[in-house]
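The values are calculated or read from the model by the stated rules, or taken from the named source; none is laboratory data. Source: prediction; values computed, not measured. Glycine also receives a Cβ, built like all others from the backbone with ideal geometry; neighbour counts cover every protein chain displayed.
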Amino acid sequence: MMRKLWGRVIIPALMLFIASTGGATAHALPGSLISMWQAQQQLHLSVELALEDLLIAAPSLAPLGDITVPQDLSAQQTEAIAAYFADHLTLHDATLTLISATLQAGENAHVGQYTLLIATFTTPMNGDPFPMTLTYDAVMHEVRNHRATIYWGQSGTDQQGLADFGFLMTNGSPRPVVLQAPQ
């Protein structure tokens, strides 16, 4: 009886346990963090995302992977970033202007170290900006498990969450997200 138990239950369970602990576990890099705030008749929008994911989504930006961090990007590199985001980030009918792009070292408890791209945009904005319609599919158009989290407030301040979403499509185009004023 005990021999049958070993052969049918214990040995297969032990093999399953050993196989499951020996394999590598993959964790996705952190998603996009978008912080928005209003100051001096300007709406500011800062996008933070893992450069490694961006390079998968936009192979033309591969030279950015050779840059030592921390580093401000050159005018040519900033223009390449602006061109990419022009196709993957819109806010209502506003024209977003990239005012800075930097690379910094990032670290995550699950994946370790990575390179963080921080791109900051502005657009003129008088009065209450809400509700806002944001269309964003940077990285997620190629890395389908990439997510975006949107906050109101400058990074490092008391931020309020506005939205969290993954890849959304409607009729072959990225689906806009309507952002309501924080409560």
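Within segment 121-146, which residues are surrounded by fewer than 17 Cβ atoms within 10 Å (Cβ to Cβ) and either free of Cβ contacts under 8 Å to residues at least 24 places away in the same chain or within 28 Å of GLN77 (Cβ to Cβ) (or both)?
As a first pass, look at segment 121-146 and keep what is surrounded by fewer than 17 Cβ atoms within 10 Å (Cβ to Cβ): 123-124, 126-128, 130-131, 133, 135, 141-142, 144-145.
Across segment 121-146, the qualifying residues are THR123, PRO124, GLY127, THR135, HIS141, GLU142, ARG144, ASN145.
Scan segment 107-150 residue by residue and report those that are among the charged types (D, E, K, R) and over 22 Å from PRO176 (Cα atoms). Step through it out loud before you land on a result.
Taking segment 107-150 first, the residues among the charged types (D, E, K, R) are 107, 128, 137, 142, 144, 147.
Once the filter is applied, which keeps residues that are among the charged types (D, E, K, R) and over 22 Å from PRO176 (Cα atoms), segment 107-150 yields only GLU107.
With a cut-off of at least 2 residues that are within 20 Å of GLN41 (Cβ to Cβ) and either of a type in the set (Ser, Thr, Tyr) or under 17 Å from the mean Cα position of the chain (by Cα) (or both), name the strands (runs of 3 or more DSSP E) lying wholly within segment 81-127.
Working: elements: 89-91, 97-108, 112-124.
Counting at least 2 such residues, we get 97-108, 112-124.
With the structure loaded, tell me whether ASP164 is closer than 18 Å to VAL47 by Cα, of a type outside the set (A, V, I, L, M), loosely packed, with under 15 Cβ neighbours inside 10 Å and touching a residue at least 12 places away in the same chain (Cβ under 8 Å) or whether it fails that test.
On the way: closer than 18 Å to VAL47 by Cα: yes; of a type outside the set (A, V, I, L, M): yes; loosely packed, with under 15 Cβ neighbours inside 10 Å: yes; touching a residue at least 12 places away in the same chain (Cβ under 8 Å): yes.
So ASP164 passes the test.
Among (1) surrounded by 15 or more Cβ atoms within 10 Å (Cβ to Cβ); (2) closer than 25 Å to ARG175 by Cα; (3) at pLDDT below 95, where does LEU73 come up short?
Status for LEU73: all satisfied but (2).
Just checking, how many residues over segment 1-58 are modelled with pLDDT under 55 and aromatic (Phe, Trp, Tyr)?
Adding up the residues that qualify gives 2.
Which of the residues belonging to segment 142-183 are more than 22 Å from ILE56 (Cα to Cα), of a type in the set (S, T, N, Q) and outside any loop (DSSP other than H, G, I, E, B)?
The answer is GLN160, THR170.
For segment 83-95, give me each residue that is surrounded by fewer than 17 Cβ atoms within 10 Å (Cβ to Cβ) and of a type in the set (A, V, I, L, M, F, W, C).
ALA83, ALA86, listed by residue number.
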